Amino acid sequence: MNRLHPLDAALRFARTLPAALVPPLLALLQGNPAPLTHTLRQNAALLAVLLAAAVARYAAAGWQITPEGLVVLRFGVLLPRRLVLDPARLVAATVRTTLPYRLAGAARLTLALRGVAGAPGQQIRLVVYRRHIAALLQLFAPHLGADAVPRLSLYFRAG
């Protein structure tokens, strides 16, 4: 089982950090060091909990390619689940490697799937190691159509 990049877990929990900055800023504006010390302790505890959750998510998440050519995604810490992705349902695949991702050796892979039985399709966003992108795109390329030509952002679309 291949692991997702650690940025995948870190970015999921990073959205809560700006909300954690509000109480220390309010305590700092009051000018009293006691509330500031208390809120900094609370933020340290919150950061420890978020870090533990990110590590648990990293350890629980992964993907693999089966011999049948399916991609099995594994998610979830408290409620583990497996998602079996059939490349035939793939409509588009986008690989984004911005500077922060490149520095970390990662790439963000967005997969757009065709809906089943009239249901709307879904998008799956993953942050994977850059070395795994070639194998995944090689698996997906036959299902994206003959006119799938990579552009600068490595964007593929079904015809």
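We did not get these values from a lab; they are worked out from the coordinates using the rules stated. Please read all numbers here as calculations on a predicted model, not as lab measurements. All Cβ positions, even for glycine, are placed from backbone atoms using ideal geometry, and neighbour counts span all protein chains on display.
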Inset, instruction - Choose one answer from 111, 85, 29: the residue with the largest mean-square fluctuation in a GNM of the chain with alpha-carbon springs under 10 Å. - result: 29
Inset, instruction - Kindly rank 92-102, 37-47 from highest to lowest mean number of other beta carbons found within 10 Å of each residue. - result: 92-102, 37-47
Inset, instruction - Note down the nm distance, to one decimal, between modelled labels 7 Å out along Cα→Cβ at residue 78 and at residue 53. - result: 0.9
Inset, instruction - Report, by chain and number, residues whose modeled amide H sits under 5 Å from the one on residue 4, excluding near sequence neighbours (fewer than 5 apart, same chain). - result: 62, 63
Legend entry - Local electrostatic count at residue 122 - Lys and Arg +1, Asp and Glu -1, tallied over other residues with Cβ under 15 Å: +3
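Relative contact order for the chain: what is it in percent, counting Cα pairs under 8 Å that are at least 6 residues apart?
The value is 20 percent.
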Legend entry - Contour minus Cα-Cα distance for residue 96 and residue 129 (0.36 nm per residue): 10.7 nm
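Could you pull out every whole DSSP H run in the chain that spans at least 24 Å of Cα extent along its own axis and averages 0.5 or higher on the Kyte-Doolittle scale? Show your work: numbers first, answer last.
Working: long enough: 33-60 (40 Å, 0.86).
Both cut-offs are met by 33-60.
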Legend entry - Computed [θ] at 222 nm, helices only, for the chain once each DSSP H run of length n ≥ 4 contributes -39500 (n - 2.57): -13500 deg cm²/dmol
Inset, instruction - Over the range 32-125, calculate the relative contact order: mean separation of alpha carbon pairs under 8 Å at least 6 apart, over the residue count, as a percent. - result: 14
